[in-house]
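Notes to accompany the following structure.
None of the figures in this text is laboratory data; all of them are computed from the coordinates on show. Values in this document were obtained by computation on a predicted structure and should not be read as measured data. Heads up, the Cβs are rebuilt from the backbone with ideal geometry, glycines too, and the neighbour counts pull from every protein chain shown.
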Amino acid sequence: MARAQPTWTCIHQCGACCRLAPEERPEALEALSEDQRATYLSMVGEDGWCRHYDSGARRCRIYEERPDFCRVSSLAELFEVPAEDADAFAIACCNQQIRSLYGGRSRELRRFKRAITTQGGS
């Protein structure tokens, strides 16, 4: 019997996607429209983190009102990835961002891998 493909899921108190430093994410800027790019750049704090990211609680302060490019459900469309590949693409993006920010042996990466395996039914 074939194993189910992992399904993307967000893990609480990670925040890796809130690291917006433009010099670290040129591919993200390239995928955005001019208006989205202006919004993205206006959200970058002096330290490279989103100014709406609460680093103490490790959560987004505007989660319900966050821009579309902050929503994983929009990633596939932004990067013109076919819908059937959206989960795999989001997982790869999160893996890369979490690994580059927290490290390959980090608690966040282990939690993320466990979450997508559990969600995917493997």
- Message: Can you give me the angle between helix 34-43 and the longest principal axis of the chain, using Cα atoms only, in degrees from 0 to 90, rounded to the nearest 10?
- Response: 80 degrees
- Report, to the nearest 10°, how far helix 86-102 tilts away from the longest principal axis of the Cα atoms in the chain, using its own Cα long axis and a range of 0 to 90°. 60 degrees
- Quick one: net charge around residue 14, please, counting Lys, Arg +1 and Asp, Glu -1 for every other residue with C-beta under 11 Å from its C-beta. +4
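Relative contact order for the chain: what is it in percent, counting Cα pairs under 8 Å that are at least 6 residues apart?
On the way: 123 pairs, mean separation 51.3, N = 122.
Computed over the chain, the figure is 42 percent.
Count the net charge of all other residues whose Cβ sits under 15 Å from the Cβ of residue 93, scoring Lys and Arg as +1 and Asp and Glu as -1. Provide the component values of the computation, followed by the final result.
On the way: positive: 19, 25, 71, 99, 113; negative: 24, 27, 30, 77, 80, 85, 87, 108.
Value of the local net charge: -3.
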- Task: Multiply the residue separation of residue 41 and residue 79 by 0.36 nm, subtract the distance between their alpha-carbon atoms, and state the gained length in nm to one decimal.
- Result: 11.8 nm
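Would you mind giving the average projected area, over all directions, of the Cα convex hull of the chain in nm² with one decimal? Mind showing how you got there, number by number?
Working: hull surface 32.3 nm².
For the Cα atoms of the chain, the hull's average projected area reads 8.1 nm².
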- What distance in nm separates the simple spin-label points at residue 92 and residue 61, each placed 7 Å from Cα in the Cβ direction? 3.5 nm
